[in-house]
1. Can you compute the helix-only [θ] at 222 nm over the chain? Use -39500 (n - 2.57) per DSSP H run of at least 4 residues, normalise by all residues, nearest 500 deg cm²/dmol.
2. Considering the values (i) 23.1; (ii) 8.6; (iii) 12.2, which represents mean projected area of the Cα convex hull in nm² as calculated for the structure under consideration?
3. Helix 136-151 versus the longest principal axis of the chain: what angle, 0 to 90°, nearest 10, using Cα atoms?
Amino acid sequence: MRLVLRFMKPYRPLLALTMALVIVDVVGALLVPTLAARLLNEGTAAMSYHAMTVTALQMPAASLVVGCCAIGAGYCCSVLAARVAKDMRDAIYAKSLDLSVFGFRRFGTASMVTRTMSDVVNIQVAITNVIMMMLPVPFIFVVALTFAFSLDAVLAW
């Protein structure tokens, strides 16, 4: 893991942008059902056409922002993973040039090709999966709790 983080260090701004887009995606994805609940609760209880219209217009706007952020996060994450993988391949290739003929034969051509291609692709996929699937989980938890307590603290507790 430390090795992967070392290769990610030059791309901190891209990682920060990706995480910001993922966080906006998480907040927006949880905001749309909250707006739907508000539409049902306030719109039917108060019978206010204005409140229903405002909430109904906020939902597609939030969905549009969430969609754009999700696409942007996916793009930034794939660019980040591709750049890290390229740097890893370059480092492996540079290290392989330092090997003697005996050392290269000891590893074998097939092993070297596997290390530079398959293993790096697996790391690239792991980077993408961690950023897009695992890192948002704590944010989902915090945002969901925040929304739940803001709607009804007694019921949420």
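Only the coordinates and a few stated rules stand behind these numbers; no lab work does. Every value quoted in this text rests on a predicted model; they were computed, and no experiment measured them.
1. Calculated mean residue ellipticity at 222 nm is -29500 deg cm²/dmol.
2. Of the listed options (i) 23.1; (ii) 8.6; (iii) 12.2, (iii) comes from this structure.
3. Between the helix axis and the principal axis of the chain, the angle is about 10 degrees.
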